[in-house]
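Just below is one structure, and these are the notes that go with it.
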Amino acid sequence: MGRFQDGALVGRDNVTIHTDHDEYGKDWQVQGATDGFLFHGPSPYPKQCNLPSPKNKKIKLWRLEESIISKEEAMQACAHWGSEIMDCVLDVRISGDLVVALNGPINSSGDCS
């Protein structure tokens, strides 16, 4: 799924490059006829993913505003995350745990040191 070197969202056909994450997800959704070997019975999933409505997305953002950790507290705890700071801020606020920020961003350079 995708291409590690440049992060391209490569489709199942290994040719299509998706620019929309929802379309990418739909392309890679498990399909009973094609991917039937993954299950011992019929696929338990619908033929197409049911994406959340814009209203539900707003509700989730509203709930985030009720987090016990303020955005400012999370920003301070995540300061060492550099360009990925907003990923950290969301994780900290959703989990309600400042310790989450201590782990730091994942090293995606391929260097495991």
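Since every read-out is calculated from the coordinates, none of them should be taken as a lab result. From a predicted model like this one, the values you see are computed outputs, not experimental measurements. Neighbour counts run over all protein chains shown; Cβ positions are idealised from the backbone, glycine included.
Computed from the C-beta positions of ASN103 and GLN5, the FRET efficiency with R₀ = 30 Å rounds to 0.75.
Ranking ILE85, ILE68, ILE17 by Cβ neighbours within 10 Å, fewest first, what do you get?
So the ranking, lowest neighbour count to highest, is ILE68, ILE17, ILE85.
Counting other beta carbons within 10 Å of each Cβ, put ARG3, ARG93 in order, fewest first. Working shown, then result.
On the way: ARG3 11, ARG93 23.
Lowest to highest Cβ neighbour count: ARG3, ARG93.
Straightening the chain between TRP28 and ILE94 buys 21.1 nm, computed as 0.36 nm per residue apart minus the Cα-Cα spacing.
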